[in-house]
Amino acid sequence: MKILVINCGSSSLKYQLIDMDNENVLCKGLCERIGIEGSKITHKANGGSWSEEVPFPTHTEAFSKVVEMMTTGEGAVVKDKSEIGAIGHRVVQGAEFFTKSEIVTDAIIDKIEEIAPLAPVHNMAHVQGLRSAKAVFGAETPNVVVFDTTFHQTMPPKAYIYGVPYEMYEKYAIRRYGAHGTSHRYVSMAAAKFLGKDPSELKMVTCHLGNGSSITAVDGGKCVDTSMGLTPLAGVLMGTRCGDVDPSVVTYMEQKLGIHGQEMADYLNKNSGLLGISGVSSDKRDVEAAAQSGNKRARLAEEMLNYQIKKYIGAYTAAMGGLDCVVFTGGIGENDAALRSEVCSNMEFFGMKLDPEKNKQRGADIIDLSAEDSRVKILMVCTNEELMIARDTLALVNG
């Protein structure tokens, strides 16, 4: 079966077509600036890459163009869209309503829309993508939703309940949900396989580090705590998100700035983090370059991020009563050797010791970065959320 994996943003549509017979990626691409002037598609297949400016008023037109690129011209990988057996969609927030991946119905799309306030930037885009996929591919092609939050549903109440009146949980489902669960699930399983262990034997901290970052405690193959919260705003410093702050900081800033509600949420989500601290960029590479050229605020932003990751590793080791493996993944986790080095520095008392030479390696899907005498394994694992989504989709469609 060939499965199309979709990740819709508010103005974007990422896609991969995967042949599940051998789990090979047949093509992948990105539709950008949907609903915005200058929209375009970039399509990669058969060893080539093609970009084309195309007007995309909505996600529906983007889906139609994806079908065209997959079925015609030099980038064609199937003769007709009927060869696509199913479509798997990434959805950020499933709240407590969804504890596993699901075959899509109209009722499920409505529920994803209903809980959109818990991930306002993401869930509405997913809803648009689901409706557009049904419009373009028709009712005969099954759609499956795979939620970032389901891996975190194994957290105990002591980890997910906040210290606000309990009725806030009972009435409004205010609790920790986490995000990036599909990535944390994939890399924890891949790490266990690489180490020749059953996931049930291991205590891991998985660090998904990118423009959005989250850290998860995985004990015996199950999530027992994670850094993101009710929304993806909590946790460590991110590209434009503030991460953990004293709630009174927010109310105090509201008084000083005269902004409230969604405007303040945007300030914390889009103007904070690496961008807000450094004043340079939300991109870690730009921040690192500025720090190396002597920008003190950029260096501070780096130090804050490294320090916060280190704290989470320590806290989760205590929570699990031990640590066997730390995994770095995501765009930053996989490529930023300096960050990995600083996070792991002075952690020998935890049994963690990084090998500086191994840390320079690149190009493999999994790299053991541990020194020979490190009791805790330190791994770089390239995440593959798309493959995880495709596997879930195949399993559900095949029943």
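The values are calculated or read from the model by the stated rules, or taken from the named source; none is laboratory data. Remember, it's a predicted structure, so these values are computed and weren't measured experimentally. Here the Cβ is made from the backbone with ideal geometry for all residues, glycine too, and neighbour counts use every protein chain on show. Surface accessibility is based on the protein's heavy atoms, side chains included, excluding ligands, DNA and RNA. Shrake-Rupley method; radii C 1.70, N 1.55, O 1.52, S 1.80 Å.
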Query - Members of the range 193-212 found to be in contact with a Gly (Cβ under 6 Å, 6 or more places away or on another chain), part of a loop (DSSP other than H, G, I, E, B) and surrounded by fewer than 18 Cβ atoms within 10 Å (Cβ to Cβ), listed by number - result: ASN211
Requested in this report: Kindly indicate whether SER82 is among the small types (Gly, Ala, Ser), open to solvent by 70 Å² or more (accessible area, probe 1.4 Å), on the phi < 0 side of the Ramachandran plot and not in a strand (DSSP E or B).
Outcome: yes
Query raised in the report: When you look at GLY239, is it among the small types (Gly, Ala, Ser), surrounded by 14 or more Cβ atoms within 10 Å (Cβ to Cβ), outside any strand (DSSP E or B) and free of Cβ contacts under 8 Å to residues at least 60 places away in the same chain, yes or no?
Result: yes
Query raised in the report: Where residues in the range 346-399 are open to solvent by less than 50 Å² (accessible area, probe 1.4 Å) and of a type in the set (Gly, Ala, Ser), which of them is farthest from LYS193 (Cα to Cα)?
Result: GLY351
Query - Test: residue in the range 213-232 that is of a type in the set (Lys, Arg), buried (at least 21 other Cβ atoms within 10 Å of the Cβ) and touching a residue at least 40 places away in the same chain (Cβ under 8 Å) - result: no
Report summary line: Within the range 98-119, the residues that are open to solvent by less than 70 Å² (accessible area, probe 1.4 Å) and farther than 19 Å from THR393 by Cα are LYS111, GLU113, ILE115, ALA116, LEU118, ALA119
Query raised in the report: Just checking, which of HIS89, HIS152, HIS184, HIS180 is touching a strand residue (DSSP E or B) at 6+ places or on another chain (Cβ under 6 Å), on the phi > 0 side of the Ramachandran plot and in contact (Cβ under 8 Å) with a residue 40 or more places away in the chain?
Result: HIS180
Report summary line: Taking the range 120-164 and the residues there that are among the polar types (S, T, N, Q) and part of a helix (DSSP H, G or I), the one that is surrounded by the most Cβ atoms within 10 Å (Cβ to Cβ) would be THR150
Report task. Would you please name the residue that is least open to solvent (accessible area, probe 1.4 Å), looking only at residues in the range 27-79 that are of a type in the set (S, T, N, Q) and either free of Cβ contacts under 8 Å to residues at least 12 places away in the same chain or in a loop (DSSP other than H, G, I, E, B) (or both)? Result -> SER39
Query raised in the report: Considering the range 293-304 alone, what residues qualify as being assigned to a helix (DSSP H, G or I) and surrounded by fewer than 19 Cβ atoms within 10 Å (Cβ to Cβ)?
Result: LYS296, ARG297, ARG299, LEU300, GLU303, MET304
Query raised in the report: Any idea how many residues of the range 278-288 are open to solvent by 50 Å² or more (accessible area, probe 1.4 Å) and hydrophobic (A, V, I, L, M, F, W, C)?
Result: 1
Query raised in the report: Do we find a residue being open to solvent by 50 Å² or more (accessible area, probe 1.4 Å), more than 20 Å from LEU202 (Cβ to Cβ) and in contact with a strand residue (DSSP E or B) (Cβ under 6 Å, 6 or more places away or on another chain) anywhere in the range 305-313?
Result: no
Query - Some residue of the range 342-359 being modelled with pLDDT of 95 or more, in contact with a Pro (Cβ under 9 Å, 6 or more places away or on another chain) and assigned to a loop (DSSP other than H, G, I, E, B) - result: no
